[in-house]
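Everything on this sheet refers to the single structure shown next.
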Amino acid sequence: MVQFQDLYDAIVTGDAKKARAATESAIAAGIPPMELISSSMVLAMDEVGRLFEAEEYFVPELLLAGRAMKSAMELLRPLMIAAGQKFATRVVIGTVKGDLHDIGKNIVASMLEGGGFEVIDLGADVSPEKFVAAVQERDPHVVCMSALLTVTMPAMRTTIDALKNAGLRERVKVLIGGAPVTTEYAKEIGADGYSDNASGAVSLVKSMVAA
Ligand code: B12
């Protein structure tokens, strides 16, 4: 479909205006937001990542691609929320301390909202103390953590330990993700689940709250 390719190209070339126009056209053509995200936007960011690794793209290109992605998400988000069933389930999400990567985390947050969950997004570079305070104040069912750097992965363990020390660990399920994270790592640090993609995150949260 032409809209998939247009949006893909707009993100890869970091053109936020074209990304918006392609998204508007896809919405008008009745393409479901989730399909647009998985068949175009995530693939485009994968390509941006590949170009970065091949040293054809540098930080400015990454930032422009992230901005184009965001401008498309801004149009899709309200549609996903409107289409979602309302569950009485709250999720706190954030990228861990020291880590500024928030594109994947934002996709997971949007997909969870689309799935009908109430999402409290703490943003990026979130300290263990901030996660603990959010659990105390907002009483979520699930805490989701994202990390994209090997050096920030240990902050996931520190956050789980902080939840334990605050006597909150039994009150919440902990779900982790991000490119360097694995199922083995999730087991090692005592998380309840891991997924390498956003729709897997939605399925896991659903099964966690049903259990
Ligand atoms: C975009 C990007 C940036 C942007 C981030 C912009 C932003 N607002 O997010 C900028 C330019 C700021 C950046 C900075 C840096 N980056 Co960078 N970056 C990337 C890049 C190219 C893409 C990441 C991305 O957005 N992917 C697309 C999204 C959709 O994928 P995702 O995040 O993996 O998310 C999906 C899944 O993982 C999962 N998921 C994600 N979170 C969660 C959470 C839960 C709970 C669940 C269940 C699932 C889940 O679902 C998502 C959707 O499917 C990657 C390379 C790559 N190929 O991954 C490097 C990469 C992550 N960066 C890297 C590095 C080194 C850096 C810098 C240190 C560079 C520098 N020298 O300054 C800084 C660090 C800044 C910091 N303190 O965080 C390295 C990390 C190496 C490592 N192993 O540690 C990578 C791998 C590039 C490389 N090969 O060198 N980066």
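Just a few scattered comments:
- So residue 87, is it over 18 Å from the mean Cα position of the chain (by Cα) and at pLDDT below 85: yes
- Taking the listed residues 152, 159, the one that is crowded, with 20+ Cβ neighbours inside 10 Å, part of a helix (DSSP H, G or I), within 16 Å of the ligand (Cβ to nearest atom) and polar (S, T, N, Q) is 159, with no other qualifying.
- Condition check for residue 175: open to solvent by less than 20 Å² (accessible area, probe 1.4 Å), farther than 28 Å from residue 78 by Cα and touching a residue at least 24 places away in the same chain (Cβ under 8 Å): no
- Condition check for residue 67 on (1) open to solvent by 80 Å² or more (accessible area, probe 1.4 Å); (2) under 27 Å from residue 169 (Cα atoms): one failure, at (2).
- Residue check: residue 82 meets all listed conditions (1) small (Gly, Ala, Ser); (2) assigned to a strand (DSSP E or B); (3) modelled with pLDDT under 95 but one, namely (2).
- Filter result for residue 100 (under 18 Å from residue 149 (Cβ atoms), among the aliphatic types (A, V, I, L, M) and surrounded by fewer than 16 Cβ atoms within 10 Å (Cβ to Cβ)): yes
- Residues considered: 73, 111. Of these, the only one that is in the same structural domain as residue 12 (by TED's automatic domain parsing) and either surrounded by 22 or more Cβ atoms within 10 Å (Cβ to Cβ) or at pLDDT 85 or above (or both) is 73.
- Some residue of the stretch 25-43 being within 26 Å of residue 134 (Cα to Cα) and either in a helix (DSSP H, G or I) or near the ligand (Cβ under 9 Å from one of its atoms) (or both): no
The values are calculated or read from the model by the stated rules, or taken from the named source; none is laboratory data. From a predicted model like this one, the values you see are computed outputs, not experimental measurements. No Cβ is skipped: glycine too gets one built from the backbone with ideal geometry, and neighbour counts run over all protein chains shown. Ligands, DNA and RNA are stripped out before the accessible areas are found, and what is left, the full protein with its side chains, is counted by its heavy atoms. Shrake-Rupley method; radii C 1.70, N 1.55, O 1.52, S 1.80 Å.
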